[in-house]
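**Q** Sending over a structure as structure tokens; questions will come in a sec.
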Amino acid sequence: MKLDYFHTVMLFCLKQFNGERTVSAIYHLLNGKKSSQTIQDGKLFNVTFLFSLFPKLSRIQTDETWNALLKQGLIEQLPDNKSRLTNKGNEFLKESLGNNPIPAQLNGWNYGDIGRVLWRRLSLLVQVLSNFAYEKKDYLPVTKNQEDLQWVKTFLKQRDRSNNELTDRLYSELKDILNTQTSKDATIFVQRLTSSQKIGLTFEQIAYKHEEDSTYMYLLFWNVVHSIIQSLQTNKNQYLLLNEMLEDKWHIEGFTSSTKITRSYLLQGLDPAEIATVRRLKQSTIEDHIVEITLHDQQYIPTPFLNEEDYNKIMGAITRLNTHQLKKVREFLNNEYSYFQIRLTYALIGRGETSKS
């Protein structure tokens, strides 16, 4: 089996996880499972930029990729269904990333969902305006998503389509923002667009034209989309039309919906046991939420569950052991601290703090 760039992505994740997570953790990361564990893993192992980049990834595809890596001798099995790179795997990864580095502007955690919204709306709008300009009414829309179809319909109703002003504005902003990309990346983005004159290319077709790997073309494309969103956030007055396309989606929050509810109860002064009772959930689930809140809310300090002295002791053990395995840390500290307290310490580390206060 010929290895492609998706195998490189899997190897990169495995190297980041350093033999401390299973293939399921990588699957959930790339697939975009918004669970507390996946979110925490993304932060702790510095792979949040890959979060949800492959939302249609299946377990079958993941397992097939994993088996290919095993068969090629690039990874080796460890106890508890974990794996790590072999020397051959490390060399393969180094060479692959040397030839094609993971695109630097990818930001799946912040821009994965909103990026897909922008692309669906933008590609549909370009198609509609192009067909309108050429007075073509009989064509199939590039998406069947009813929410997107309704959004474009409403968007156009609020504007005058009797002249080319909207088309000119969109063209001008797109041209300007794509000029910030490399020629190759901008070309890949444009090749995906559908107009009245041409159908957008698939990633396989783009890869054939560029004589490159289709997964890498896929990542370069989303790298452009995420880069565009970053530019829109920092240059709102420069790209007014493109910003309008996302004005109902700009509020991005790093919590799962259930965690938001727990957070509201925490702010009311309830403890985990009380919240668990009110919400009819296990206390361990509430603790998951508190760890998630600690990870993403820079203003939240989990003092009721982890005081300064305990934090420093756990932090010291983590630093000495250089591990993300809770059990190792707990045993090193003679089981003096709960897994919850250790996870809170990791969460504080994950948000870039060296001190809890």
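**Q** Rank A25, A207, A104 by mean-square fluctuation in a GNM of the chain with C-alpha springs under 10 angstrom and give only the top-ranked residue.
**A** Largest GNM mean-square fluctuation: A104.
**Q** Additional query: State the extension gain, in nm to one decimal, for the chain segment bounded by T277 and Q37, taking 0.36 nm per residue of separation less the distance between their alpha-carbons.
**A** Numbers: separation 240, 0.36 × 240 = 86.40 nm, distance 2.22 nm.
Here the answer is 84.2 nm.
**Q** Still on this structure, I have one more. Could you give each residue of segment 235-249 its phi-based ³J(HN,Hα) in whole Hz, using Karplus coefficients 6.51, -1.76, 1.60 with θ = phi - 60°, and x for Gly or Pro?
**A** 10, 4, 7, 8, 10, 4, 5, 5, 5, 4, 5, 10, 4, 8, 10
**Q** What is segment 124-163 by shape, rounded, prolate or oblate, if you read a ≥ b ≥ c off the alpha carbon gyration tensor as root eigenvalues and call it rounded for a/c under 1.5, prolate for a/b larger than b/c, and oblate otherwise?
**A** Values: a/c = 2.52, a/b = 1.15, b/c = 2.20.
Since a/c reaches 1.5 but b/c is at least a/b, the shape of segment 124-163 is classed as oblate.
**Q** Among rounded, prolate and oblate, which fits segment 201-261 when a ≥ b ≥ c are the square roots of the eigenvalues of its C-alpha gyration tensor, a/c under 1.5 means rounded, and a/b larger than b/c means prolate? Let's see the in-between values first.
**A** Details: a/c = 3.33, a/b = 1.59, b/c = 2.10.
It is oblate, given that a/c is not under 1.5 and a/b is not larger than b/c.
**Q** Related question: Stokes-Einstein at 37 °C, 0.692 mPa s, Kirkwood radius from Cα pairs: D for segment 86-216 in µm² s⁻¹?
**A** Details: Rh = 17.2 Å.
D, rounded to a whole number, is 191 µm²/s.
**Q** On to the next question. Between N237 and E135, what length in nm is gained on full extension when 0.36 nm per residue of separation is reduced by their alpha carbon distance?
**A** Once the chain is fully extended between N237 and E135, it gains 33.5 nm.
**Q** Which Cα, out of H28, L118, F12, lies furthest along the positive dipole direction of segment 1-142 (beta carbon charges, K/R +1, D/E -1)?
**A** L118
**Q** Turning to a different aspect of this structure: Which entry in (i) 73, 48, 42; (ii) 58, 52, 43; (iii) 75, 54, 33 matches Cα extents along the principal axes in Å derived from the coordinates of this structure?
**A** Recomputing Cα extents along the principal axes in Å here gives the entry labelled (iii).
**Q** Using the Cα atoms of segment 60-121 to build a convex hull, what is its mean projected area in square nanometres? Present the calculation step by step, with values, prior to reporting the outcome.
**A** Numbers: hull surface 25.7 nm².
Taking a quarter of the hull surface, the average projection is 6.4 nm².
**Q** Something else: If amide hydrogens are placed 1.01 Å from N in the peptide plane, which non-local residues have theirs closer than 5 Å to the one on R84?
**A** E76, L78
**Q** Also, I was wondering about something else. Excluding ligands, DNA and RNA, what is the solvent-accessible area per residue of the chain at a probe of 1.4 Å, expressed in Å²? Before the final figure, lay out the partial values.
**A** Working: 18710 Å² over 357 residues.
Here the per-residue accessible area is 52 Å².
**Q** Under unit Cβ charges (Lys, Arg +1; Asp, Glu -1), what dipole magnitude, rounded to 20 debye, does segment 118-226 have relative to its Cα centre?
**A** Numbers: 15 positive and 14 negative charges, 83 e Å.
My answer is approximately 400 debye.
**Q** Could I ask something else about it? Can you give the local net charge around S35? Use residues other than it whose beta-carbon is closer than 15 angstrom to its beta-carbon, Lys and Arg +1, Asp and Glu -1.
**A** Working: positive: R21, K33, K34, K43, K260, K282, R343; negative: D41, E287, D288, E292.
Local charge sum for S35: +3.
**Q** Modelling each spin label as a point 7 Å along the Cα-to-Cβ direction, I'd like the Q268/T323 distance in nm, to one decimal.
**A** Calculated label separation equals 4.0 nm.
**Q** Rounded, prolate or oblate: which fits segment 184-331, taking a ≥ b ≥ c as square roots of the Cα gyration tensor eigenvalues, rounded meaning a/c under 1.5, else prolate when a/b beats b/c?
**A** Numbers: a/c = 2.83, a/b = 1.96, b/c = 1.45.
Prolate shape, in that a/c is at least 1.5 and a/b is the bigger ratio.
**Q** Please list T285, T259 in order of solvent-accessible area, largest first, computed with a 1.4 Å probe with all protein chains present. Please report the intermediate quantities before stating the final value.
**A** On the way: T285 45, T259 0 Å².
Result, largest first: T285, T259.
**Q** Determine the gain in length on full extension of the stretch N312-S172; use 0.36 nm per residue of separation and subtract their C-alpha separation, reporting nm with one decimal.
**A** Values: separation 140, 0.36 × 140 = 50.40 nm, distance 5.43 nm.
Net length gain for the segment: 45.0 nm.
**Q** Shifting gears a bit: Would you work out what percent of the accessible area of segment 177-242, with all protein chains in place, is carbon or sulfur (probe 1.4 Å)? Working shown, then result.
**A** Numbers: 1550 of 3140 Å².
The value for segment 177-242 is 49 percent carbon and sulfur by accessible area.
**Q** Oh, and also: Can you tell which of Q40, Q268, Q181 shows the greatest fluctuation in a Gaussian network model of the chain with Cα springs below 10 Å?
**A** Q268
The values are calculated or read from the model by the stated rules, or taken from the named source; none is laboratory data. A quick note: this is a predicted structure, and the numbers were derived from the prediction, not measured. Cβ: placed from backbone, ideal geometry, glycine included. Neighbour counts: every protein chain shown. The accessibility values were calculated without ligands, DNA or RNA, using every heavy atom of the protein model including side chains. Shrake-Rupley method; radii C 1.70, N 1.55, O 1.52, S 1.80 Å.
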